[in-house]
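K.L.:
For reference, the structure I am asking about is given below.
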Amino acid sequence: LEAVSQAVAAGNPNFEVKIVPVGLVFTHREKFRSDLCMRYCEPITVSAASMQDDSFAAAKQVTDQLSQAMEQVTINAPIWEITRMGITATRLHQPVDSKLTLGQYLTLLRGWVEVLKKDYESNPAAEVASLKAALKAYQDLL
């Protein structure tokens with residue numbers, strides 16, 4: 001925001017900055033050299049037109065756009081148990097004798113985490129609750 005406002009003040013009203021959100025997903029967050037999947041989002045353009053008199057409101061708008069973009073390309077589970085069950089569901093969902101790329105695996109995992117966290121964030125749906133119970137029982141047997 002500061003770069004755009006300085007450019008406008010210097011007489012360049014068409015100056016704009018593009019921010020490219022990048023989602024990083026590590027397969028093992030605790031390991032230094034674990035596999036990494038990077039996903040690039042659509043650029044967010046900050047121009048003089050998007051600048052408002054209130055710099056706080058403009059910063060909040062950019063921050064909200066960044067947050068929405070990052071939510072779409074990262075795995076966001078409120079508790080570890082949901083991620084753990086998502087990993088189990090992903091392993092079961094993967095076709096036998098198939099080799100998924102890291103990106104495909106993480107897309108599948110993200111989908112399962114989104115399904116499983118609905119039960120955690122709202123009133124539990126019977127289907128999701130029974131799925132969670134079955135996945136937990138299976139994982140505990142391993």
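K.L.:
Ignoring solvent entirely, what values of log10 I(q)/I(0) come out of the Debye formula for the chain at 0.19 Å⁻¹ when each Cα is a single scatterer?
P.N.:
The computed values of log10 I(q)/I(0) come out as -1.10.
K.L.:
Among Tyr120, Tyr105, rank each residue by its count of other Cβ atoms within 10 Å, from fewest to most, as a rough exposure measure.
P.N.:
Tyr120, Tyr105
K.L.:
What are the extents of the Cα atoms of the range 2-73 along their three principal axes, in Å, largest first?
P.N.:
On the principal axes, the range 2-73 reaches 48, 20, 19 Å in Cα extent.
K.L.:
Between Val113, Val46, Ala59, whose Cα lies farthest towards the positive end of the dipole of the range 36-142 when Lys and Arg beta carbons carry +1 and Asp and Glu beta carbons carry -1, centred on the Cα centre?
P.N.:
Checked the options; the winner is Val113.
K.L.:
Near Lys117, which lysines are there with a Cα under 22 Å away, not counting those fewer than 8 places off in the same chain?
P.N.:
Lys132, Lys136
K.L.:
Please work out the Kirkwood hydrodynamic radius for the range 80-141, using every pair of different C-alpha atoms, and report it in angstroms with one decimal place.
P.N.:
The answer is 12.0 Å.
Read-outs: derived from the displayed coordinates by stated rules, not from any lab. Remember, predicted model here, so these are calculated numbers, not experimental data. For neighbour counting, all protein chains shown are included, and Cβ atoms are generated from backbone atoms with ideal geometry for every residue, glycine included.
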